[in-house]
Amino acid sequence: MDEMFLFNVPPLQGQAFDIDDERYEAPEAAGLDVVLRGLSMTCDDHRVLEISAPVFDGLYEFDRRAFLLGREPA
């Protein structure tokens, strides 16, 4: 079941970093873009990854559960 989910996950991380065209399919992408750019102004790359990894893990888990439940998780 998890493997099936992986093919349905929107490429949110790629959208968050694709700032040139400012087209975001996932509603979270625009906000993540601003947060990540702001972090990159105040932290080095290693720290940005350290901070953002749990955020992306949480978004992944939220989307995974929404897919499995067929609705937004509580």
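If a residue has to be without any contact (Cβ under 8 Å) to a residue 12 or more places away in the chain, of a type outside the set (Asp, Glu) and within 25 Å of residue 74 (Cβ to Cβ) to count, how many in segment 36-61 make the cut? Step through it out loud before you land on a result.
We begin by selecting, within segment 36-61, every residue without any contact (Cβ under 8 Å) to a residue 12 or more places away in the chain; these are 38, 40-47, 49-50, 53-54, 57-58, 61.
Those left that are additionally of a type outside the set (Asp, Glu): 38, 40-43, 46-47, 49, 53-54, 58.
Filter once more, so that each one left must be within 25 Å of residue 74 (Cβ to Cβ): 53-54, 58.
Of the residues in segment 36-61, 3 are without any contact (Cβ under 8 Å) to a residue 12 or more places away in the chain, of a type outside the set (Asp, Glu) and within 25 Å of residue 74 (Cβ to Cβ).
Yes or no, residue by residue, for (1) at pLDDT below 95; (2) surrounded by 11 or more Cβ atoms within 10 Å (Cβ to Cβ); (3) within 10 Å of the chain's Cα centre (by Cα):
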| site | (1), (2), (3) |
| --- | --- |
| 2 | yes, no, no |
| 23 | yes, no, no |
| 35 | yes, yes, no |
| 44 | no, no, no |
| 63 | yes, yes, yes |
| 66 | yes, yes, no |
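Looking at segment 4-21, which of the residues that are surrounded by 11 or more Cβ atoms within 10 Å (Cβ to Cβ) and among the aromatic types (Phe, Trp, Tyr) is modelled with the highest pLDDT? So the residue we want is 5.
The values are calculated or read from the model by the stated rules, or taken from the named source; none is laboratory data. Everything numeric here is computed off the predicted structure, so don't read it as measured data. Neighbour counts are summed over all protein chains in view; Cβ atoms, including those assigned to glycine, are modelled from backbone coordinates with ideal geometry.
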